[in-house]
Each structure stands twice: as C-alpha cells, then as structure tokens.
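**Q** Encoded as structure tokens, here's the structure I'll be asking about.
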Amino acid sequence: MSSETQGATASPEAPAEAADTAVGQAVTGDGAVPGDWKMTRLLWPFMLASAVGLVPFTIYSTFLVPIAQAADGGVAALGQLRGLGGLAALAVGTALAPLIDRVRKEWAAAGGLAVLAVSAALGASGDFLMLAAFCLLVGAGTAVLNPALTAAAADRFDDDAAAGRAATLITATQSLTALLAAPLVALPALLWGWQGDLWAIAAISSVLALYFLLRGRRRHGAGGAAVKAEKPGYLESFRLLGALPGVVPLLLVAMLRTAAFMGYLAYLAAFYDERFGLGPETFAIVWTLSGTSFFLGNLFAGRLLSAEKPRIPSERLMALALLVALSALVGVFFTESLFLALPLTALVGVGHATVAACVTTLLVRRCGSLRGTALSINAAGMSFGVFLGAGLGGVGLALGGYPGTAAVLGGLTLVALVLARVVARSAPPPTTD
C-alpha cells in the first residue's frame, strides 16, 4: 500500500472515509475483491465525475451544426477546433504527469473539474474565440481529471487486485458514458438548447469540484507533510517510471492500440456506406453495436482480471486480445458480407476494450505510488494515438483504399502485439507495503 494511502486511512480527520478503510481492511483480511455493486457504492463520486468529463465534447460533436451557426463559422472550421483539445490533453497530460502523485488526487480532480466548469461557461457564449478556448480547456481539464480519478479510485484499496478493478470500473463508466451521452444530452436540449446543456455541465462540474476539494481536505491528515516529503522530484518521477519493468512498452501498447482503434472508427461509417450502402441513420445501429461491445468487453475483462489469481494472466490476455482485434479489424475491411462484418465489428470492440482493461490493470499493479504519473502519461499517449491513427488511416486509404487502411492499422496493432510480448517477459516490480 502506498504511503499516501496509509496517511489517508490513518487520518483522524477523515471520519467520512471510514467506508474506504473498512473495504480496504476487508480486502486485505480475506483476499476477496469486493463485488462491483459494493465498489460502485464506494466509488460513485469518481464514476460520476469521470462521466461528466466526457460530456462537454459530446455536446460539441452532437450540436456541431447549430454551434457553427451561432459562431458564424463553417462546420469544418469548428470541427477542426476539436483537435485543439487533443493537443492540449497531450501537452498538459505529459507536463503535469508527475504532479498527479505529488498532490492529493482529490485536489487534482477538483482542479480538473473547475477547468471543465469554466470551459463549459465559455463555450455557452457561442463566440468563435470562446469556443476555441472551450476546446483547449476541455482537453487540458480532462488530461488532469481522468488519471486523477482513476488513480484515486485505485488508492481506495490496499489490495492490488481490488485497486486494478476499481481503476477499470472508472474506465468502464467512461465507455458507458460515451455510448449513452449523445441521447442523454439531446433530450434536455429540447428544453433549453445546447447552451443549456453546457450551463448544466458548468453547474454540475462546479458542485463536484467543491465536493472533491472538501474530500481532499478531510483526507489530509497529520501525516500529510511526511507523505509529501517522500515523493520523488519532477524529473525523478519520469526516471523512476521508465525504470519499472515493462512500463514503457506497456504505455506504447496503449498508444498504438488507441491509434489503430480510433483510426478504424474514423473511417468505419464511410466503409459501411461504400461497401454495404448503409446511410447515417442505419449506421447508427452499427455504431451502437461497436460501443456496446467495447463497454461490455471493458467491464468483464476488468472483472476477470480482478481475481487474486486470474485464470489467465493480464499479460497473456492482453496479447490474445490484440491478436483477436488484429484479425477482426483486417477481416472487417476485406469482407464482402454484411452479416460477417457485423460480428467482426463487435469483436474489434471487445478486443480493444480488453486490451484497455489489461493496460489499466497492469499500470495500477506495476507502478505502485507512481500510478498517477503512469496513468497521466498513458492518457496523453492515447490522445496522441487518436491523431496518429486518423492520419495514418487516411494515408492508407489514399494509397490503397480500404485494404490500405487495413494494412496500416493492422501494422500498428501488430507492433503493439510485439510490445505486449515484451511486457509479458518483464518481471513485475516487487510489492512493498
């Protein structure tokens, strides 16, 4: 157990955290990982905040046309502003990665939520420059919020298996939110428009920011100064993280997997339209199939990996899932049958979701007190992977059609598979209490 967790659970100023301590002791005592429902009751503020973090860009994408009209700009120009968020996430996530472990993670989450509140308020103005600031701030805010929430959820538990499961529950919540957010923001917008959606997010983010700020103060016990003194320096955090066995190739697996999957999703609608004649309305069913497969794959893979002695090690499951994802992705772009393309599309989602759960679990287990730094760099790397995959997928499409896209994205997945074998051969660091 990390020294930060020890200081938090031992604090006499944290009576509201008794449930955290009780669960941690139960896990340590009998080796059993709490069930998903028990974890959800404990982690619901983290899960709610992670869901809220995905909504601003969902609103932006869903209402891109009316937003462009309000800003007196073209849809293409407003769509390109979305890329600013990815660049901000990459820069901020990398630059602030070591700081996630040097401050209370609840405070980091509060800061990320406060930035989201400000960004939503700016975006609601409808001004072009304010929308550019909105995209930048959302990317920067989520770059801090998501790893802080994931690491904080993992820190609630002493046991590595339970900590890994807590982290994957956060990512599963994000997957579910991505699947359901569009209809959830569209229905309220019938009453108050897209500006009302953004003002609602600003209000909810502000309340959650206050909650996590107060929660962080309660957890800041008498041992806080000692805990802070034990933290490595800024550059030292990067060095120590790079020295952990298998962590660097694991981060590269996450980046390449994201590049392959997001590149595949970027051209999936166009492929189904050209190959099978599915218009946007019908393709929505395919999109739902892919999103549901990803959510279920992430949820159940995380549960499988949460066992004290999993039936299949995380490293082996990751390699197997990459192999499935590679085969299914190539199969989708080469098949001429819609009835074969649909199950292959589901398999791509399941495969990548399983890899994502394995990466999160392994980072939590292998990185110990540096898990916040690792998760932050992982999020930044995945942001870069989004741009890399869309760009390289487009190059493959221009040079060789959809077989070219399959070759490029399949190549990325193949490199990730090789790196997964490197992770499997590396010994995990010794566990210290």
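**Q** Quick one: V118 ticks every box in (1) among the β-branched types (V, I, T); (2) within 27 Å of C358 (Cβ to Cβ); (3) surrounded by fewer than 24 Cβ atoms within 10 Å (Cβ to Cβ) except a single one, so which number is it?
**A** Status for V118: all satisfied but (2).
**Q** Can you pull out the residues in segment 336-359 that are open to solvent by 10 Å² or more (accessible area, probe 1.4 Å) and touching a residue at least 12 places away in the same chain (Cβ under 8 Å)?
**A** Initially, segment 336-359 is screened for residues open to solvent by 10 Å² or more (accessible area, probe 1.4 Å), giving 336-340, 342-344, 346-347, 350, 354, 356.
If the condition is that a residue be open to solvent by 10 Å² or more (accessible area, probe 1.4 Å) and touching a residue at least 12 places away in the same chain (Cβ under 8 Å), then E336, L338, L342, L344, A346, L347, V350, T354, A356 are the ones that fit.
**Q** Mind counting the residues in segment 125-149 that are open to solvent by 10 Å² or more (accessible area, probe 1.4 Å), over 16 Å from G73 (Cβ atoms) and of a type outside the set (A, V, I, L, M, F, W, C)?
**A** 2
**Q** On to the next question. Pairs only if they're at least six apart or on different chains, beta carbon under 6 angstrom, first in segment 33-49 and touching a residue at least 12 places away in the same chain (Cβ under 8 Å), second surrounded by 13 or more Cβ atoms within 10 Å (Cβ to Cβ) and not in a helix (DSSP H, G or I); list them, first residue then second.
**A** V33/S306
**Q** Something else now. Do any residues in segment 395-423 that are without any contact (Cβ under 8 Å) to a residue 40 or more places away in the chain have Cβ atoms under 7 Å from those of residues that are hydroxyl-bearing (S, T, Y) and open to solvent by less than 30 Å² (accessible area, probe 1.4 Å), where the two are at least six apart or on different chains, and which pairs are they?
**A** Taking only residues 6 or more apart or on different chains, the pairs are G396/T405.
**Q** On the basis of being part of a helix (DSSP H, G or I) and within 17 Å of A202 (Cβ to Cβ), does A121 make the cut?
**A** Values: part of a helix (DSSP H, G or I): yes; within 17 Å of A202 (Cβ to Cβ): yes.
Criteria met by A121.
**Q** Follow-up question, since we're still on this one. Going through G381, G396, G400, G385 one at a time, which residue ends up being surrounded by fewer than 24 Cβ atoms within 10 Å (Cβ to Cβ), touching a Ser or Thr at 6+ places or on another chain (Cβ under 6 Å) and assigned to a helix (DSSP H, G or I)? Break it down into steps so the answer makes sense when it comes.
**A** Working: G381 fails: touching a Ser or Thr at 6+ places or on another chain (Cβ under 6 Å); G400 fails: touching a Ser or Thr at 6+ places or on another chain (Cβ under 6 Å); G385 fails: surrounded by fewer than 24 Cβ atoms within 10 Å (Cβ to Cβ).
One residue alone meets the criteria, G396.
**Q** Still on this structure, please answer the following. I'd like the full set of residues that are touching a Ser or Thr at 6+ places or on another chain (Cβ under 8 Å) and farther than 17 Å from L48 by Cβ, limited to segment 111-130.
**A** The answer is none; no residue qualifies.
**Q** Mind checking whether some residue in segment 278-296 is touching a Lys or Arg at 6+ places or on another chain (Cβ under 9 Å) and on the phi < 0 side of the Ramachandran plot? Spell out the reasoning first.
**A** Filtering segment 278-296 down to residues touching a Lys or Arg at 6+ places or on another chain (Cβ under 9 Å) leaves none.
No; the residues of segment 278-296 include none that is touching a Lys or Arg at 6+ places or on another chain (Cβ under 9 Å) and on the phi < 0 side of the Ramachandran plot.
**Q** Within the group V75, V33, which residue is at pLDDT below 80, more than 19 Å from the chain's Cα centre (by Cα) and surrounded by 18 or more Cβ atoms within 10 Å (Cβ to Cβ)?
**A** Values: V75 fails: surrounded by 18 or more Cβ atoms within 10 Å (Cβ to Cβ).
After ruling out the rest, the residue left standing is V33.
**Q** Here is a further query. For segment 246-272: of the residues being touching a Phe, Trp or Tyr at 6+ places or on another chain (Cβ under 7 Å) and open to solvent by 10 Å² or more (accessible area, probe 1.4 Å), which is modelled with the lowest pLDDT?
**A** From segment 246-272, those touching a Phe, Trp or Tyr at 6+ places or on another chain (Cβ under 7 Å) are 255, 269, 271-272; that's our starting set.
The next check asks that each one be open to solvent by 10 Å² or more (accessible area, probe 1.4 Å); those that pass are 255, 269.
Values: M255: 95, A269: 85.
Among them, the one singled out is A269.
**Q** Got a sec? Which of L296, L304 is in a helix (DSSP H, G or I), at pLDDT below 90 and open to solvent by 40 Å² or more (accessible area, probe 1.4 Å)?
**A** Numbers: L296 fails: at pLDDT below 90.
Just one listed residue meets the conditions, L304.
**Q** May I ask you to say which residue of L370, L412 is closer than 30 Å to D159 by Cβ and buried (at least 24 other Cβ atoms within 10 Å of the Cβ)? Even if it seems obvious, please write down each step before you answer.
**A** On the way: L412 fails: closer than 30 Å to D159 by Cβ.
From the options L370, L412, the qualifying one is L370.
Rundown of residues vs (1) of a type outside the set (V, I, T); (2) modelled with pLDDT under 80; (3) surrounded by 13 or more Cβ atoms within 10 Å (Cβ to Cβ); (4) closer than 23 Å to C367 by Cβ, yes/no style:
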{"position": "L198", "(1), (2), (3), (4)": "yes, no, yes, no"}
{"position": "A202", "(1), (2), (3), (4)": "yes, no, yes, no"}
{"position": "A209", "(1), (2), (3), (4)": "yes, no, yes, no"}
{"position": "R217", "(1), (2), (3), (4)": "yes, yes, yes, no"}
{"position": "L235", "(1), (2), (3), (4)": "yes, no, no, yes"}
{"position": "F238", "(1), (2), (3), (4)": "yes, no, yes, yes"}
{"position": "L244", "(1), (2), (3), (4)": "yes, no, yes, yes"}
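**Q** Can you name the residue in segment 158-177 that is open to solvent by less than 10 Å² (accessible area, probe 1.4 Å) and more than 11 Å from the chain's Cα centre (by Cα) and is also farthest from A148 (Cα to Cα) among such residues?
**A** A161
**Q** While we're looking at this one, here's another question. So L180 ticks every box in (1) open to solvent by 70 Å² or more (accessible area, probe 1.4 Å); (2) closer than 30 Å to A406 by Cα; (3) at pLDDT 85 or above but one. Which box is left unticked?
**A** (3)
**Q** Hey, can you tell me all the residues within segment 55-67 that are buried (at least 20 other Cβ atoms within 10 Å of the Cβ) and of a type in the set (A, V, I, L, M)?
**A** Within segment 55-67, V55, I59, I67 qualify.
**Q** The conditions are (1) open to solvent by 60 Å² or more (accessible area, probe 1.4 Å); (2) in contact with a Cys (Cβ under 9 Å, 6 or more places away or on another chain); (3) of a type in the set (G, A, S), and A407 fails exactly one of them. Which is it?
**A** Answer for A407: the failing condition is (2).
**Q** Out of segment 63-114, which residues are touching a residue at least 40 places away in the same chain (Cβ under 8 Å) and not in a helix (DSSP H, G or I)?
**A** F63, A71, D72, G73, L96, R102, R104
**Q** Further question: Name the residue that is modelled with the highest pLDDT, counting only residues in segment 411-433 that are of a type in the set (S, T, Y) and farther than 11 Å from R257 by Cα.
**A** Pass one, segment 411-433, residues of a type in the set (S, T, Y): 413, 426, 431-432.
Filter once more, keeping what is farther than 11 Å from R257 by Cα: 426, 431-432.
Numbers: S426: 83, T431: 46, T432: 41.
The extreme case among them is S426.
**Q** Please tell me if R365 is closer than 17 Å to A153 by Cα and open to solvent by 20 Å² or more (accessible area, probe 1.4 Å).
**A** Working: closer than 17 Å to A153 by Cα: yes; open to solvent by 20 Å² or more (accessible area, probe 1.4 Å): yes.
So R365 passes the test.
**Q** Consider segment 93-115. How many of its residues are open to solvent by 40 Å² or more (accessible area, probe 1.4 Å) and not hydroxyl-bearing (S, T, Y)? Full working, then the answer.
**A** Step one: of segment 93-115, the residues open to solvent by 40 Å² or more (accessible area, probe 1.4 Å) are 94-96, 99, 102-103, 107, 114-115.
From the residues that got through so far, the ones that are not hydroxyl-bearing (S, T, Y) too are 95-96, 99, 102-103, 107, 114-115.
Adding up the residues that qualify gives 8.
The values are calculated or read from the model by the stated rules, or taken from the named source; none is laboratory data. Predicted model only: the values in this text are computed from it and were never measured. Backbone-built Cβ (ideal geometry, glycine too); neighbour counts: all protein chains shown. When the accessible area is computed, the model is the full protein with side chains, heavy atoms only, and any ligands, DNA or RNA have been set aside. Shrake-Rupley method; radii C 1.70, N 1.55, O 1.52, S 1.80 Å.
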